[in-house]
Amino acid sequence: MKARKVKHLDPSGTLADNAARLAAVRLDELCDFVPRALDAPAVDDLHAMRIAAKRLRYVLEATAEPCFGAYARHASRHAKALQDVLGDIHDCDVQRPRVARLMAEQREYDAAELRRRAGSGDDLAPDAAAALPGADAWAGLEALDAHLRVRRELLHQHFLELWTGLEREGFRARLEFALKERPTA
Amino acid sequence: MAKAKEIPGLSAGLAFSEAAARSVAVRTDELFGHATDVLDMDEIEGVHAMRVATRRLRAVLELYAPCFDRDELRPVLREVKALAAALGARRDPDVELAALDAFLDVTGEAERPGIERFKARAQAQQLQGNAVLAAELQRIEDIGLHVRLLALAEHVRR
């Protein structure tokens with residue numbers, strides 16, 4: 001996901017004024033994923049939202065303390081929490097198809113072995129299916145797939161709770177306000 | 001994960017260009033400070049720390065982009081992104097293998113062969129990722145990325 005361009009950055013201006021413009025754009029970028037990323041199957045949106053959370057986190061990490069009100073530091077930690085849970089969801093989304101691919105390959109491998117065992121016969125005897133090369137792999141692969149599926153469901157639920165909590169505490173409005181504040185000397 | 005080093009004298013009223021020079025210099029040294037032992041596959045936290053350092057460096061390069069000469073910044077930023085991608089090629093299987101090991105620690109005997117089979121693929125990817133990273137580390141040394149980044153920071157002051 002390409003980051004939105006930030007207009008009106010001024011090299012001759014102060015750090016705080018420029019960083020506030022940048023952080024405001026990164027905050028909009030993150031918040032604009034809602035509501036579409038709240039759908040559990042929205043794999044691409046969830047992944048892109050993780051990148052948006054990461055961008056907001058790093059700009060706040062670099063500037064919150066010297067430049068903004070205290071809430072900006074909290075917001076940096078919130079952005080990291082979002083990035084982490086969305087990252088874990090993404091890991092499941094990447095891993096599950098790979099487990100499925102290995103299972104499909106295993107099936108093909110076993111089928112090839114059965115064809116070899118059938119030789120030039122007209123039919124396949126039931127005992128030909130005994131002790132196939134992939135026979136011992138199924139339990140583990142099924143367990144892994146089930147684990148990833150349910151873990152992903154739970155992580156998505158956690159993400160929803162996290163986001164609801166942020167909305168409840170006024171994350172966006174409070175960060176926008178903090179970006180206008182300047183620390184007292 | 002290592003905490004980001006403090007940028008000396010960074011304050012709200014500091015000139016944007018001076019903040020750029022200081023931030024890029026510190027984040028650059030931080031990044032290359034993690035380069036030693038990063039290819040050791042028994043010690044996976046080094047790769048993670050260096051990857052986080054690339055993100056911090058990228059963040060400041062993007063934040064302070066208007067302060068830099070565009071033609072000087074773009075190729076350097078591209079190289080940092082390439083390094084980050086190579087670190088990711090190693091880090092992703094590192095994370096997956098750690099998770100699979102945790103799974104194997106508690107799983108039953110019946111599940112073990114299937115998980116081991118999946119793990120073998122992740123190990124092959126880790127090896128491949130390490131080779132990609134080794135080549136990338138050599139390449140950034142050959143092109144003098146460390147020096148170019150420090151020069152970029154210094155040129156802002158002129």
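The table that follows gives values for the structure above.
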{"quantity": "Candidates A:Asp84, A:Asp28, A:Asp10 - the one that is among the charged types (D, E, K, R), surrounded by fewer than 21 Cβ atoms within 10 Å (Cβ to Cβ) and at the interface with chain B (Cβ under 10 Å from one of its Cβ atoms)", "calculated": "A:Asp10"}
{"quantity": "So A:Ala52, is it within 14 Å of chain B (Cβ to nearest Cβ), part of a helix (DSSP H, G or I), within 15 Å of the chain's Cα centre (by Cα) and crowded, with 24+ Cβ neighbours inside 10 Å", "calculated": "yes"}
{"quantity": "A:Gly134 vs. criteria within 11 Å of another protein chain (Cβ to nearest Cβ), under 19 Å from B:Leu104 (Cα atoms), in contact with a helix residue (DSSP H, G or I) (Cβ under 7 Å, 6 or more places away or on another chain) and not in a helix (DSSP H, G or I)", "calculated": "yes"}
{"quantity": "Restricting the range B:81-103 to residues that are of a type in the set (A, V, I, L, M) and within 13 Å of chain A (Cβ to nearest Cβ), the residue that is surrounded by the fewest Cβ atoms within 10 Å (Cβ to Cβ)", "calculated": "B:Ala102"}
{"quantity": "Checking B:Gly9 against (1) free of Cβ contacts under 8 Å to residues at least 12 places away in the same chain; (2) closer than 23 Å to A:Arg73 by Cα; (3) surrounded by fewer than 18 Cβ atoms within 10 Å (Cβ to Cβ), the condition it does not meet", "calculated": "(1)"}
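Read-outs: derived from the displayed coordinates by stated rules, not from any lab. Note that the structure is a prediction, hence the values are computed from the model and not measured. In this analysis, Cβ positions are derived from the backbone assuming ideal geometry, glycine residues included, and neighbour counts consider all displayed protein chains.
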